[in-house]
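See below for the structure under consideration.
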């Protein structure tokens, strides 16, 4: 562009020079006209060359794999995962919820928990309790601490439900073999212990872990 401007200025000067000097000979006038024509031709060539360069630049910036801007199935490159090309935008789907039961191991709050099928029964023996004499289910459970520090399961992180679907009492504080009496575990340690809840008849019991990620465990019970 700078070169074009310089040529235009020279052409203008030559033109003025040709017009202002009435005493120039016919040859000088012809020579100036020729020079002016040559300069104009160079200007036109430069303009045409710049237009072609601009067109080539725009074409080079269009990705080769885009053939129809109007379609919705064009390939594109994920700006985050550079270099990976997809036919359609990547989507994430949540894994279907699994119902846990006896023998299944799951992770909750940095603990690996497994309910074993050999549940048992007991009763509350405390004359000062409203539950005195009530039957209780003892669920056998193993709890492993996979955290990098001492830890234990919180008694506020779960709820028991009976066969009717209603919440039932957690009665572990009446029993010395309940997990809460075991205290904390060091990293990697395992508790082989029990969890106690009120017996409310035969059927499917549920324990729902509610702190953070919700997990349900189905625990069928039949008293002989």
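Here are the numbers:
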quantity: Complete set of residues in region 77-105 that are under 29 Å from the mean Cα position of the chain (by Cα) and at pLDDT 95 or above; calculated: 100, 104, 105
quantity: Which listed residue is more than 22 Å from residue 217 (Cα to Cα) and under 29 Å from the mean Cα position of the chain (by Cα), from 110, 126, 132, 148; calculated: 148
quantity: Selected residue [more than 30 Å from the chain's Cα centre (by Cα), modelled with pLDDT of 95 or more and under 23 Å from residue 125 (Cβ atoms)] from 204, 178, 182; calculated: 178
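The values are calculated or read from the model by the stated rules, or taken from the named source; none is laboratory data. As the structure is a prediction and not an experimental result, all values here were calculated from the model. Because the Cβ atoms are built from the backbone with ideal geometry, glycine has one as well, and the counts that use them run over all protein chains shown.
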